[in-house]
1. Project the alpha carbons of segment 4-98 onto their principal axes and report the range along each, largest first, in whole Å.
2. So what is the diffusion coefficient of segment 93-147 in µm² per second by Stokes-Einstein at 37 °C and 0.692 mPa s, using a Kirkwood Rh over Cα pairs?
3. Identify which of L25, L58, L87 has the largest mean-square fluctuation in a Gaussian network model of the chain, with springs joining Cα atoms closer than 10 Å.
4. Using a 1.4 Å probe over the heavy atoms of the protein chains, calculate the carbon and sulfur portion of the accessible area of segment 34-169 as a whole percent.
5. So, for the chain, what is the accessible surface per residue at a probe of 1.4 Å, expressed in square angstrom?
6. Would you mind counting up the charge near Q15? Only other residues with Cβ under 13 Å from its Cβ, with Lys and Arg at +1 and Asp and Glu at -1.
7. Please report the net charge: other residues with Cβ closer than 11 Å to the Cβ of G161, K and R +1, D and E -1.
8. Per the Kirkwood definition applied to all pairs of different Cα atoms, how many angstroms is the hydrodynamic radius of the chain?
Amino acid sequence: YIYPKAGYPPGIVSQESFIKVCKNLATAHALAYRQIKEWDKKSVTDFGPSYVGVIVDLIDYQPYDRKKRKDVEAARSHWYLFNEWFLNAIFRGEFDMDADGVTEKDGVFPELARSCDYLGVNYYMRLLAKSGKSGFLLLKGGTVQSKGSQTDMGWGVYPPGIRHVVTWAYRRYM
């Protein structure tokens, strides 16, 4: 719902649909978590009857130019929307429906919070955020690949990024 040229379905740009799909995925995850915990009573591991988590792709969004306030804001908007929004929903029960970084009272669902026993992280790249038009109002600019070594997929290789995103996720959600 954000990058129609990336080749992923449905190939349309819709902020409303993006947020709605994210909310539905987070709600479905929380409800499935509760059902698994309710029905799976037989212990097969040292962790107990069932151990349920989620694995997410976290990208290390950084400003293209740290001295430019608008690049810093662009990086923050990407980080929030793509790294933080979904995790806030499943770990905290917070649904920021206008994705402005503030969850209103009617967006807090404590019964859906804490619906993860663990968090898995996939890390593929760092992206540099530049201010400008994104075509998506929730984002304050676009992104470019970092310079230097690249993977065969054309993604910038930035090993310190994995420490950055994993440390952030651990401190915020675990």
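1. 55, 30, 25
2. 229
3. L25
4. Values: 4430 of 8060 Å².
Of the solvent-accessible surface of segment 34-169, carbon and sulfur hold 55 percent.
5. 62
6. Values: positive: K20, K23; negative: E16, D96, D98, D100.
Counting the neighbours of Q15, the net charge comes to -2.
7. Values: positive: R126, R163; negative: D60.
Result for the neighbourhood of G161: +1.
8. 17.6
The values are calculated or read from the model by the stated rules, or taken from the named source; none is laboratory data. Fair warning: this is a prediction, and the values are worked out from it, not measured in the lab. Cβ coordinates were reconstructed from backbone atoms using ideal geometry, including for glycine residues, and neighbour counts include every protein chain displayed. Each accessible area value is taken on the protein alone, full model and side chains, heavy atoms only, with ligands, DNA and RNA left out. Shrake-Rupley method; radii C 1.70, N 1.55, O 1.52, S 1.80 Å.
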